[in-house]
1. Within the stretch 91-112, does at least one residue satisfy the condition of being crowded, with 17+ Cβ neighbours inside 10 Å, under 26 Å from residue 182 (Cβ atoms), under 15 Å from the mean Cα position of the chain (by Cα) and at pLDDT below 95?
2. Give the residues of the stretch 83-100 that are without any contact (Cβ under 8 Å) to a residue 12 or more places away in the chain and either closer than 20 Å to residue 196 by Cα or in contact with a strand residue (DSSP E or B) (Cβ under 7 Å, 6 or more places away or on another chain) (or both), sorted by residue number.
3. Which residues, taken from the stretch 5-39, are in contact with a helix residue (DSSP H, G or I) (Cβ under 6 Å, 6 or more places away or on another chain) and outside any loop (DSSP other than H, G, I, E, B)?
4. Yes or no: residue 85 modelled with pLDDT under 95 and either within 24 Å of residue 32 (Cα to Cα) or out of contact with any helix residue (DSSP H, G or I) (no Cβ under 6 Å at 6 or more places or on another chain) (or both)?
5. Hey, does the stretch 200-215 have a residue that's crowded, with 22+ Cβ neighbours inside 10 Å, assigned to a loop (DSSP other than H, G, I, E, B) and at pLDDT below 90?
6. Can you say whether residue 118 is at pLDDT below 95 and either within 22 Å of residue 50 (Cα to Cα) or in contact with a strand residue (DSSP E or B) (Cβ under 8 Å, 6 or more places away or on another chain) (or both), as far as the supplied structure shows?
7. Evaluate the following for residue 65: is it at pLDDT below 95 and either farther than 19 Å from residue 213 by Cβ or crowded, with 20+ Cβ neighbours inside 10 Å (or both)?
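The values are calculated or read from the model by the stated rules, or taken from the named source; none is laboratory data. In this text the structure is predicted, and so the values were computed from the model without any measurement. Because the Cβ atoms are built from the backbone with ideal geometry, glycine has one as well, and the counts that use them run over all protein chains shown.
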């Protein structure tokens, strides 16, 4: 994933907000990267751009060497479905569905058979350590289990890139150690590229590299060891 001089503008009524300005960034296959910055720094806009949810207003983005601007809407959708798993800030599990049913939903929406959907959901739950919780309802889950369920739902389509948005969720709390350890295991054992967006510098406890964002610009990069020594 490569951004070159990427900027993002949003219209805010009569005004224009520059969420990102002239960002140059490479995220390599198999890397665990944390994007860290205060509220309004541009990190969520950056994640949306990386995940082909939004296009840069100017500059360029290449995914697997393919320029984003050359893609049709249908091609963007295909790439998102094929390569990306998204873990949003709010997990939004359906209270009327079991955990297994919730995790299977992305595949059900694609028209796969119930058997294939449930088999894939069982595998995804096993990857996050919830193999014994498939029949539980969302109200029966702990907070950590909710977090793992959100990750399992993102994994059910077997993505190669996992985008985890923690930009404002419990912003006064560090990332739960169980979730951080799980993300690192998915990265190291299953070779999934992980991009974690967070306000907390403690994200460096799990990431190999930390991208510090402020005012819509990348201020600097640090490695896991250097970032951990700062907090």
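1. Yes: the stretch 91-112 contains one or more residues that are crowded, with 17+ Cβ neighbours inside 10 Å, under 26 Å from residue 182 (Cβ atoms), under 15 Å from the mean Cα position of the chain (by Cα) and at pLDDT below 95.
2. Hit for the stretch 83-100 is 92, nothing else.
3. Listed by number, the residues that qualify are 8, 19, 20, 32, 34, 35, 36.
4. Judged against the criteria, residue 85 is not a match.
5. yes
6. Considered against the rule, which asks whether it is at pLDDT below 95 and either within 22 Å of residue 50 (Cα to Cα) or in contact with a strand residue (DSSP E or B) (Cβ under 8 Å, 6 or more places away or on another chain) (or both), residue 118 comes out as no.
7. Details: at pLDDT below 95: yes; either farther than 19 Å from residue 213 by Cβ or crowded, with 20+ Cβ neighbours inside 10 Å (or both): yes.
Judged against the criteria, residue 65 is a match.
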